[in-house]
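The values are calculated or read from the model by the stated rules, or taken from the named source; none is laboratory data. Model, not experiment: these values are computed from the prediction. Heads up, the Cβs are rebuilt from the backbone with ideal geometry, glycines too, and the neighbour counts pull from every protein chain shown.
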Amino acid sequence: MSRLRRHSDAGQAFPIYITVVAGLLFLALAYLAVGQAGATRSDAQTAADAAALAAALETRDGLTDEWLDNVLDPEMWQDIFDGKAPLPSACWRAQQLAASNDATVDCAPDGLLSYTVVAETNHTVGESIVPGTEGRTATETATAVIDARCSFEPPAEDADDEVLPTLSCKGGEDWDLKPDDLSDLPKPEDLFDVHLADS
């Protein structure tokens, strides 16, 4: 009688075991699908961040070139620091960076000193237990901002043309510029910060 009962208990436990294993397998596949989607979103965010920063850095370098071209004309400095220089859009650089990250972007200047980029991955989430994911891409947005790091006192109307204003920059660095010795001038990273905007 006890031997029959043991066989009966084992027979009842087997379907429970199969059900538990099937449930664990389903959960593992579900976690895999979530991981695939998360990785694709991460790829899209990386592409958006890199593309927005690339466009902003290109513009920062252009603004620096404009400042260097006009270093002897301090009346032009503030417009350059405010982004009012005649520079073309640098969205081409965003598209270039996105392509290297296997994505495409929509890019637009967002004011004078920032770029907003919407990046979409070229690859999809892939096949998973979630229907419809095999053809789904990921899209993310990023904005990069250019901030002037330096300020100066504009020259008075009767100021000596042989004297240039002192640039006071973040970090406590001052640049005393001399018209007759322009060998030591600020670099792009001295004049401007480039960073991603807080989301």
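Applying the criterion of being assigned to a loop (DSSP other than H, G, I, E, B), surrounded by 14 or more Cβ atoms within 10 Å (Cβ to Cβ) and in contact (Cβ under 8 Å) with a residue 60 or more places away in the chain to the residues of the stretch 42-93, the residue that is nearest to the chain's Cα centre (by Cα) is G83. If you go through the stretch 110-121 and pick out every residue that is modelled with pLDDT of 95 or more and more than 14 Å from the chain's Cα centre (by Cα), you end up with 1. Within the set of pairs 6+ apart or on separate chains, which have a first residue in the stretch 173-192 that is touching a residue at least 12 places away in the same chain (Cβ under 8 Å), a second that is surrounded by fewer than 11 Cβ atoms within 10 Å (Cβ to Cβ), and C-beta atoms under 7 Å apart? From the stretch 173-192, the pairs are P179/E162.
Scanning the stretch 177-199 for residues that are among the acidic types (D, E) and modelled with pLDDT under 90 yields D180, D181, D184, D198. Scanning the stretch 94-121 for residues that are surrounded by fewer than 20 Cβ atoms within 10 Å (Cβ to Cβ) and closer than 28 Å to P155 by Cα yields a count of 2. Residues in the stretch 14-70 that are under 30 Å from Q96 (Cα atoms), out of contact with any helix residue (DSSP H, G or I) (no Cβ under 8 Å at 6 or more places or on another chain) and at pLDDT below 65: V34, G35, G38, A39.
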